[in-house]
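**Q** I'd like to ask you about the structure that follows.
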Amino acid sequence: MILLSPTWTAILYLVAAVCFILALKGLSSPKTARRGNLIGAAGALIAVVTVFLSSKLDNIPWILGAIAVGSAIAAPVARRVQMTQMPQLVALFNGVGGGAAALVALLELAHTDDAWVRVAIVFTLLVGAVSFAGSLVTFAKLQELMTTRPVVFPGLPLLMTGALVAAIAAAVAVVFTGAGWLAVVLLVLGLLTGVLLVLPVGGADVPIVISLLNAFTGLAVAASGLVLGNVLLVVAGTLVGASGTILTRAMASAMGRSVSGIMFGAFRGGSTAGSTETSDRPVRSSSPEDVAVLLGYAQKVVIVPGYGLAVAQGQHTVAELQSELESRGIEVVFAIHPVAGRMPGHMNVLLAEANVPYESLKEMGEVNPEFKTADVALVVGANDVVNPAAKSTPGSPIYGMPILEVADARQVVFLKRSMRPGFAGIENELLFEPQTTLLFGDAKDSLAKVLGAVKAL
């Protein structure tokens, strides 16, 4: 087989790197996200093909077989996963990336005597193992294979600190000795650290931790690029690490909290609790026909989507309701909170799937002033992102988090399945205000009934 020259290899790697940068740019907006995803996939394909055409690879049948097995597993899973389970899938894919980087570093240890390369190896081992184990715990929490509440026990901070100190000591020993068994010890300590790091995190904070671990994986991949002497891995890993860090900080800011408070808040009682207790306080409930009257005779309606809309898969119904109201001359916009749902952009993607016009989606800073002129605010499956406790209750798990100012609307209608609180585990005082009515039931079913009643007006 004729191998590519170093010049052509460098050019193709540069093309792939540009594709990755353009992909990140495209993913910054719902309008261009699909194109950005395809550009990123094209960049990855170029990178893989370039490796085959520029390197003398041994055991090519085994490599192709591994690619085939991975593709056979990943493609059906990615196609069949529901939007509500996308964060779990992201966590798994992220964990696999960190684990792969750690394994590559472990194998490369036997092929180098360079101390600086060993530094990159131990960094990749430790960070990749932390990302892998932590991502598995986030998956288990989101999939409710374990409790979503913070897991804290006496001695956890001491155990976490001890594991990290032991891991650093093992890393230093590996750099100076190159001992394979010490590298395995470092790998195990990294896995333990990853588990202990995520256990104290509450359910509502898990998406932020996924983003943080994604940044860890990017750093591990960049370091593995130094180990392998592959510039493209360094570029791609750095892009992932930087974008993951920026996203983590943005999400933490949207919740009005620090990253350290999110990661270690449970130790001082500041993490979200994920309570499932149901309130028995009286509320004012309504019927689909009554809600239809409020909507049908309004001049402006603001719809606030949340995780409950995604669970019920009611995005197409709410899009149809928007079209029906607009056909009657009613202004309808969607208020999007940065952390509504279980991942950034969750609501944007969900509504885009139902062909809701992009111009109808308004971010929190843009839409909050509009609640004062809204006749009705229709909250579909959201809770914590509209809870006034974020502004009025110091000590609350969500205190300080910027919220959608739903309470400023003339009438507020909540579509809820039950009186269970959101992930933060606290009651929403807005539910008990005189301008608020509740319509209980599955969001998709309730929206369908309201839509039918509006059409009958």
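**Q** Note the angle between two axes, namely the Cα long axis of helix 60-80 and the longest principal axis of the Cα atoms of the chain, as a number of degrees from 0 to 90, rounded to the nearest 10.
**A** Its long axis makes an angle of about 10 degrees.
**Q** Pull out the extension gain between S71 and E331, defined as 0.36 nm times the separation in residues minus the alpha carbon to alpha carbon distance; nm, one decimal. Provide the component values of the computation, followed by the final result.
**A** Values: separation 260, 0.36 × 260 = 93.60 nm, distance 4.55 nm.
Gain on extension, S71 to E331, equals 89.0 nm.
**Q** Same structure again: Given a 1.4 angstrom probe, I'd like the percentage of the accessible area of segment 288-456 that is carbon and sulfur, rounded to a whole number.
**A** 51 percent
**Q** Right, here's the next one. Can you give the angle from 0 to 90° between the axis of helix 231-254 and the longest principal axis of the chain, with both taken from C-alpha atoms, to the nearest 10?
**A** Value to nearest ten degrees: 30.
**Q** Determine the order of S71, S360 by accessible area, beginning with the largest, at a probe radius of 1.4 Å.
**A** The ordering from most to least exposed comes out as S71, S360.
**Q** Can you give me the C-alpha center-to-center distance between segment 171-203 and segment 221-263, rounded to a whole angstrom?
**A** 19 Å
**Q** Shifting gears a bit: Give, rounded to the nearest 20 debye, the magnitude of the charge dipole that the chain has about its Cα centre when Lys and Arg contribute +1 at Cβ and Asp and Glu contribute -1 at Cβ.
**A** The calculated dipole for the chain is roughly 340 debye.
**Q** Please calculate the 1.4 Å probe accessible area of K31, with all protein chains present, and give it to the nearest 10 Å².
**A** Accessible area of K31: about 130 Å².
**Q** Leaving ligands, DNA and RNA out of it, rank W8, W181, W62 by accessible area with a 1.4 Å probe, largest first.
**A** Sorted descending by solvent-accessible area, the residues read W62, W181, W8.
**Q** Rounded to the nearest 0.05, what FRET efficiency do Q82 and V18 have when you use their Cβ-Cβ distance and R0 = 45 Å?
**A** 0.85
**Q** Apply the Karplus parameterisation 6.51 cos²θ - 1.76 cosθ + 1.60, with θ equal to phi minus 60°, to every residue of segment 370-379 and state each ³J(HN,Hα) to the nearest whole Hz, in sequence, with x for glycine and proline.
**A** Listing the rounded values in order: 7, 5, 5, 9, 8, 6, 9, 10, 9, 9 Hz.
**Q** Right, next: So what's the angle, to the nearest 10 degrees on a 0 to 90 scale, between helix 315-327 and the longest Cα principal axis of the chain?
**A** The angle comes out at about 40 degrees.
**Q** To the nearest 500 deg cm²/dmol, what mean residue ellipticity at 222 nm is calculated for the chain from DSSP H runs of n ≥ 4 alone, each contributing -39,500 (n - 2.57), summed and divided by the residues?
**A** For the chain, the value works out to -19000 deg cm²/dmol.
**Q** Ordering K391, K416 by how much accessible area each has at a 1.4 Å probe, largest first, what is the list? It would help to have the intermediate numbers written out before the result.
**A** Numbers: K391 120, K416 20 Å².
Per-residue accessible area, sorted high to low, gives K391, K416.
**Q** Averaged per residue, what accessible surface does the chain expose to a 1.4 Å probe, in Å²? If you can, show how the numbers build up before the last one.
**A** Working: 21160 Å² over 457 residues.
So the chain comes to 46 Å² accessible per residue, rounded to a whole number.
**Q** How much accessible surface area, in Å² rounded to 10, belongs to the heavy atoms of D442 with a 1.4 Å probe?
**A** Taking all protein chains as shown, D442 has close to 50 Å².
The values are calculated or read from the model by the stated rules, or taken from the named source; none is laboratory data. Given the structure is predicted, the values throughout are model-derived calculations rather than measurements. When we count neighbours, we look across all protein chains shown, and the Cβ atoms used for this are built from the backbone with ideal geometry, even at glycine. To get the accessible areas, we keep the full protein, side chains included, count just its heavy atoms, and leave off ligands, DNA and RNA. Shrake-Rupley method; radii C 1.70, N 1.55, O 1.52, S 1.80 Å.
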